[in-house]
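Okay, so here's the structure we're looking at.
The values are calculated or read from the model by the stated rules, or taken from the named source; none is laboratory data. The model shown is predicted, which means the values in this text are computed figures rather than measured ones. Cβ atoms come from the backbone with ideal geometry, glycine included; neighbour counts cover every protein chain shown. These area figures cover heavy atoms from the full protein model, side chains too; ligands, DNA and RNA do not enter into them. Shrake-Rupley method; radii C 1.70, N 1.55, O 1.52, S 1.80 Å.
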Amino acid sequence: MSDTDRVVDPEEVRHVADLARIDLDDEEVDRFTEQFADILEYFETLDEVPEVDEDEELANVMRPDEVRDCLSQAEALDNAPETEDGYFKGPNVS
Amino acid sequence: MSTEYNGYITTERIEGATDGPLVDATVAVKDNISTEGVRTTCGSAMLEDYVPPYDATVVERLKAAGATIPGKTNMDEFGMGTTTETSAFGPTENPVAEGHVPGGSSGGSAAVVAAGDADMALGTDTGGSVRAPAAFCGVVGIKPTYGLVSRYGVVAYANSLEQVGPIAPTVEEAAQLLEVIAGPDPSDATVRDATEERGADAYDYTGAADGDVDGLDIGIPMELLDGADEQVTEVFWDAIDDLEAQGASYHEVDLECLRYAVEAYYVTAMSEASSNLARFDGVRYGQSGGYDGNWNETFARAREEGFGEEVKSRILLGTYALSAGYHDKYYKKAQDARAWIKRDINDALDDADVLASPTMPVPPMEMGESLEDPLKMYLADANTTPVNLANLPAISVPAGETGDGLPVGLQLVGPAFGEKEIIRAGSALA
């Protein structure tokens, strides 16, 4: 595939990384741009797949909404990098 | 008790009950299955210090059956790999084929069993991750029917595809371990009661390992042999000859849909991964991104530091496949392919008791060989991924070795909840 009609360019990799909330360094962007072009080109063969209707035999599984034992607050917080006053400590929202 | 081939990430022993069917057995557990009080890393720096506050249902069942867990086994990061080389804790080497990969992603589990450092092990299989390492290490691995075994407490990679499965030296031992972990669980609504599908003795897997293949009708999808290495197909046909000599017969089947399995699998698994792994933001658990800047910036930093390259790559490709303008082109077409594969494999199983193929189209790769070219590694999953897409059970049994002494596995695929059929057929070989 020539550079002009490549499936994916570095800007697109950066955009998707932004959507997925993953910082990438320049080297990773270059490597992913190259690899994704090959992988996405390979995925293109799915175009040949016919539309298939599926008869799913699925049933919802419900249970009564009852109070049950669960983790204590201390247990739930145990793996948090930082906590404050019994809460998870997160970054600024905006 | 660490191993020179790097099979374990953690070797803390967990003792089980004082009696039960597994009281004399050690069962190693893949490190994406939660163990209360013992760290569970998923082979990732993201979870290097994560200690689960509860046991996965399968771990509860192991302990209740008397098993001793000798440690948590090495794996491709979050299960994303076919060679156990993407672990943040370093690659595992194949203990029976020096310089070669053990297969993945449950490579540590298969390796410790092959080396005799554990009697049996649990792995997880999303696109072949129990069967591939079983084949490469010369042991037995079973991927159960979707919904046979609880996934509660298993760190999710691609929920619609994955199951926990046993790895053991023989089919009978694998069947015994499957019997312990299978069955309904109030904490996982996707598990079904096999007795409703197959009658009262549905879970008697150990009893099914009687090696009786007299009258067994085997279908062989030729698509799964077309691209396979010649050394592998030679061993495969020898194993089929062996089964024929014991009273089985075979016929060739043509399943065009299988040509699209790898693409359908990767689009589906990556899409589900991009959603599942969104939970790793470094706030409730895992690698912290610090507190400078806003929410999005710190999350992106935590994920840059905590995830390895293959995990980042799959999250990004999954995000891309689900994004506006591409959803219909990739994700929707992958679901069409999945429905096609499901329908046609089930039709083929109407005319055969089991379907057979080489488990892996290639012998174990040399270490380092597949890391540079992910697409090449993905293609090694051609024979295992259709089974996950179709929600079916499959077993990999040792079929022999190549001229260079590298293990080759034979895969047998059965109908939904047909674990006994594949165990019976497989036990004629191992």
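Which residue, A:51, A:12, A:84, has the most motion in a Gaussian network model of chain A that connects Cα atoms within less than 10 Å?
It is A:84.
Suppose every K and R has +1 on its Cβ and every D and E has -1 on its Cβ; what is the size of the dipole of chain A about the Cα centre, in Debye to the nearest 20?
680
Based on Cβ point charges of +1 for Lys and Arg and -1 for Asp and Glu, what charge dipole magnitude is obtained for chain B about its Cα centre, in debye rounded to the nearest 20?
Approximately 1680 debye in magnitude.
What relative contact order, as a whole-number percentage, does chain B give when Cα pairs under 8 Å and 6 or more residues apart are counted?
19
For the range B:1-68, what is the charge dipole size about the Cα centre, in debye to the nearest 20, if Lys and Arg each add +1 at the Cβ and Asp and Glu each add -1 at the Cβ?
The dipole magnitude comes to about 120 debye.
Taking chain B as a Gaussian network, where each spring joins two C-alpha atoms under 10 Å apart, which residue of B:305, B:297, B:369 fluctuates the most?
For chain B, modelled as a Gaussian network with Cα springs under 10 Å, the answer is B:297.
Tilt of helix A:26-43 relative to the longest C-alpha principal axis of chain A, in degrees (0 to 90, nearest 10)?
With rounding to tens, the tilt is 70 degrees.
Which sequence of B:126, A:83 reflects their accessible areas, 1.4 Å probe, from the largest down?
Largest to smallest exposure gives the sequence A:83, B:126.
Please label the shape of chain A as rounded, prolate or oblate, based on the square roots a ≥ b ≥ c of the eigenvalues of the alpha-carbon gyration tensor (a/c under 1.5 means rounded; beyond that, a/b larger than b/c means prolate, else oblate).
Oblate, since a/c reaches 1.5 and b/c is not below a/b.
On average over all directions, what projected area in square nanometres does the protein assembly as shown have, based on the convex hull of its Cα atoms?
Answer in nm², one decimal: 24.6.
Got a sec? Charge dipole of chain B, +1 on Cβ for Lys and Arg, -1 for Asp and Glu; which of B:426, B:216, B:147 is way out at the positive end?
Value computed over the given set: B:147.
Sorted by mean Cβ packing within 10 Å, highest first, what order do the peptides B:263-270, A:39-46, B:169-176 take?
B:263-270, B:169-176, A:39-46
As I understand it, the dipole of the range B:30-131 uses +1 on the Cβ of Lys and Arg and -1 on the Cβ of Asp and Glu, about the Cα centre. Which of B:57, B:47, B:34 lies farthest toward its positive end?
B:57
Binning at 5 Å from 0, report for the range B:235-372 what percent of all alpha-carbon pair distances ends up in each bin.
2, 8, 12, 13, 13, 13, 12, 10, 7, 5, 3, 2, 1, 0
Mind checking the per residue accessible area of the protein assembly as shown for me, 1.4 Å probe, whole number of Å²?
40
Give, as a single signed number, the net charge of other residues whose beta carbon lies under 10 Å from the beta carbon of residue B:400, with Lys and Arg counted +1 and Asp and Glu -1.
Net charge in that neighbourhood comes out at -4.
When the accessible area of the protein assembly as shown is split by element with a 1.4 Å probe, what percent falls to carbon and sulfur?
43
Relative to the longest principal Cα axis of chain B, at what angle does helix B:333-350 sit, 0 to 90 degrees, rounded to 10?
For helix B:333-350, the angle is close to 30 degrees.
Please determine, in degrees from 0 to 90 and to the nearest 10, the orientation of helix B:309-322 with respect to the longest principal axis defined by the Cα atoms of chain B, where the helix direction is its Cα long axis.
Its long axis makes an angle of about 80 degrees.
Using Cα positions and a limit of under 20 Å, work out the lysines in reach of residue B:30, with same-chain residues fewer than 8 apart set aside.
Those lysines meeting the cut-off are B:63, B:72, B:143.
What base-10 log of the normalised intensity I(q)/I(0) is obtained for the range A:3-48 from the Debye formula, alpha carbons as equal point scatterers, at q = 0.21, 0.22, 0.34 Å⁻¹?
For the requested q values the scattering log ratios are -0.71, -0.76, -1.20.
Can you tell me the FRET efficiency between residue A:52 and residue B:369 if r is taken as the Cβ-Cβ distance and R0 is 41 Å, rounded to the nearest 0.05?
Here the calculated transfer efficiency is 0.70.
Which Cα, out of B:367, A:88, B:231, lies furthest along the positive dipole direction of the protein assembly as shown (beta carbon charges, K/R +1, D/E -1)?
A:88
Evaluate the Kirkwood expression for the hydrodynamic radius of the range B:17-126, namely the inverse of the mean inverse distance over all pairs of different C-alpha atoms, and round to one decimal in Å.
Hydrodynamic radius (Kirkwood, Cα only) of the range B:17-126 equals 13.9 Å.
Mind jotting down the distance between the C-alpha centroids of the range B:64-131 and the range B:332-348, whole Å?
30
GNM on chain A, C-alpha springs below 10 Å: top fluctuator among A:38, A:69, A:26?
In the Gaussian network model the winner is A:69.
Ignoring ligands, DNA and RNA, how much accessible area is buried between chains A and B, both sides summed, with a 1.4 Å probe, to the nearest 100 Å²?
4800
Quick check: from the Cα gyration tensor, does the range B:1-63 come out rounded (a/c under 1.5), prolate or oblate?
The shape class here is oblate.
Under the rule of -39500 (n - 2.57) per DSSP H run of 4 or more residues, summed and divided by the residues of chain B, what mean residue ellipticity at 222 nm is obtained, to the nearest 500 deg cm²/dmol?
Rounded to the nearest 500, the figure is -9500 deg cm²/dmol.
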